[in-house]
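J.: Supplied in structure tokens, the structure appears directly below.
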């Protein structure tokens, strides 16, 4: 029996560049920054005062008041994006197919804001005042749980927590679930929202965040010589992945075909990649092997590209290791230059961007790339989106703990 | 504010229901859509608002709007 093929048939986005796929994608192609000053709490005492917050999200459009009250923001974003993705796909989940539709989501941390809130309550008013909804609001599998409840999808229901690679691993495992035959369709991606004192303070303590407070829109500058850290962001990117015949039978629109997935570990350090990006390189090779593609078959890479000095240098090195001479022919961009880093949601969002890039044959830009640093000497699609032929494309994600995830999609052809 | 009026406001807020549904004989579970966690949160809100303590075994007996009003009225006597 030939391998079951998997295609992307729906995309749903809630991002700092807009709620709704069209709005976000237009801003991405126009090179708009979603970074500005933090509005969620008083940042006077914080080294970092900037973030990419979701600005136009209206919970009332998606939830009843009581529902929304009992979901932390990351859950709201995830469920909203999933519903947009299912609507976009036109997939009807009913009695006949519901046990064959899975939900696999990724999340780096979970409900940190609601943890902060209840901890404060516990200290100030005692343990008896901890909300009974605290735990079910905070745990990282609540997006997948609520998506299942809202859509009726009764297949495999999983949540991966692999830091900044979680969204990518979720999509990869969703792909596998369909190839293996456990599901015919999977709602998948990532959701995150930790723009709160502990979230910002914690990443700032690691010196992982940009402190370019005076110019928020220019702060996320992957591969640029003046980059100084990532920008914490929030939101969700979800997709509907579907077995090819299942999608064709109902005449679904196909954005792209998912063809390869790699997952590997650095076995090296809690936060830093090895200097040569060895683990990431192995992961890219693994995805190429899984897809049965050669390096020269790839035209575009949506890079992890966080804008930290270390990531962008090591990722560039890893790409050169895997692609050799072809590395110079690749168009590579970091959409984090515009969205900031949505942590566990980033991989879901960037997989969705990959599908859109292939569908529209357009490579988004890396904005704020004024002068690349000397060790970043590839083609990063600086500052302007590029219409180009994209036969196949790769998305990279690397997470704390030394975990790596890589996806490959290609243009759908019979 | 009278306790019954205050109670109605708490219930409207906690259970996100319309005010006109919160009648004396309305059951929290059957008429106002509360689940077990909603009830825990509702009792907690009553304790906060009226500055009283409602033991679990007493809380279990409070199933309607009138039950709740009577219980707090008794404590306040």
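Since every read-out is calculated from the coordinates, none of them should be taken as a lab result. Here the structure is a predicted model, which is why all the values come from computation and not from measurement. Every residue, glycine as well, gets a Cβ built from its backbone with ideal geometry; the counts of neighbours run over all protein chains shown.
J.: P(r) for chain B: what percent of alpha-carbon pairs falls in each 10 Å bin, starting at zero?
T.: 19, 63, 18, 0
J.: Report the far tail of the P(r) of region A:93-138, meaning the percent of Cα-Cα pairs longer than 11 Å.
T.: Taking all Cα-Cα pairs of region A:93-138, the fraction more than 11 Å apart is 72 percent.
J.: Turning to a different aspect of this structure: How would the protein assembly as shown be classified by its alpha-carbon gyration tensor: rounded, prolate or oblate, with rounded meaning a/c under 1.5 and the a/b versus b/c comparison settling the rest?
T.: Here the protein assembly as shown falls in the prolate category.
J.: Cut-off is 10 Å between beta-carbons; in what order do B:52, A:194 appear when sorted fewest neighbours first?
T.: Listed from fewest to most nearby Cβ atoms, that is B:52, A:194.
J.: Sticking with this one: Efficiency by 1/(1 + (r/R0)^6): what FRET value for residue B:5 and residue A:122, r their Cβ-Cβ distance, R0 = 35 Å, to the nearest 0.05?
T.: Given R0 = 35 Å and the Cβ-Cβ separation, E is 0.70.
J.: Could you put A:381, A:240, B:29, B:8 in order, starting from the residue whose Cβ has the fewest other Cβ atoms within 10 Å?
T.: Ordered by Cβ neighbours within 10 Å, fewest first: B:29, B:8, A:381, A:240.
J.: What residues from region A:248-275 fall in the zone where the backbone N is under 15 Å from a label point 7 Å along the Cα-to-C-beta line of residue A:4?
T.: Only A:248-249, A:258-259 pass the distance filter.
J.: Related question: Given q = 0.12, 0.23 Å⁻¹, what are the Debye log10 I(q)/I(0) values for region A:129-243, with equal point scatterers placed on the Cα positions and solvent ignored?
T.: Log10 of I(q)/I(0), two decimals: -0.59, -1.26.
J.: Over the Cα atoms of region A:3-84, how large are the radius of gyration and the largest Cα-Cα distance (Dmax), in Å?
T.: Taking only Cα atoms of region A:3-84, I get Rg and Dmax of 15.7, 56 Å.
J.: Please identify which residues in region B:12-42 have an amide N closer than 14 Å to a label point set 7 Å out from the Cα of residue B:75, following the Cα→Cβ vector.
T.: Only B:40-42 pass the distance filter.
J.: Is region A:6-249 rounded, prolate or oblate when judged by the Cα gyration tensor, a ≥ b ≥ c being the square roots of its eigenvalues, rounded requiring a/c under 1.5 and prolate requiring a/b larger than b/c?
T.: In terms of gyration-tensor shape, oblate.
J.: Another one. Report, for region A:6-249, the % of DSSP beta bridges that are antiparallel, rounded to 5.
T.: 60
J.: Please find the FRET efficiency linking residue A:360 to residue A:383, where r is the Cβ-Cβ separation and R0 is fixed at 25 Å, and quote it to the nearest 0.05.
T.: 0.85
J.: For A:149, B:44, A:137, A:338, what ranking results if the residue with the fewest other Cβ atoms within 10 Å of its Cβ goes first?
T.: A:149, B:44, A:137, A:338
J.: In region A:260-410, what percentage of the DSSP-assigned beta bridges are antiparallel, given to the nearest 5?
T.: 70
J.: Follow-up. Express in nm, to one decimal, how much length is gained between residue A:64 and residue A:211 on full extension, taking 0.36 nm for each residue of separation and deducting their alpha carbon distance.
T.: Between residue A:64 and residue A:211, full extension yields an extra 49.1 nm.
J.: Right, something else. If you count the DSSP beta bridges with both ends in the protein assembly as shown, what percent of them are antiparallel, to the nearest 5?
T.: Here the share of antiparallel DSSP bridges comes out near 70 percent.
J.: Rg and Dmax of region A:330-378, Cα atoms, in Å?
T.: 11.9, 33
J.: Can you bin region A:135-181 into rounded, prolate or oblate? Criterion: square roots of the alpha carbon gyration tensor eigenvalues sorted a ≥ b ≥ c, rounded for a/c under 1.5, prolate for a/b above b/c, oblate for the rest.
T.: In terms of gyration-tensor shape, oblate.
J.: Let's test the formula: R0 of 30 Å, r as the Cβ-Cβ distance of residue A:30 and residue A:225. What FRET efficiency results, to the nearest 0.05?
T.: According to the calculation, E is roughly 0.75.
J.: With Kirkwood's inverse mean 1/r over C-alpha pairs for Rh, give me the Rg to Rh ratio of region A:260-410, two decimals please.
T.: Here Rg/Rh amounts to 0.92.
J.: Using only the Cα atoms, what convex hull volume per residue in Å³ does region A:330-414 have?
T.: 105
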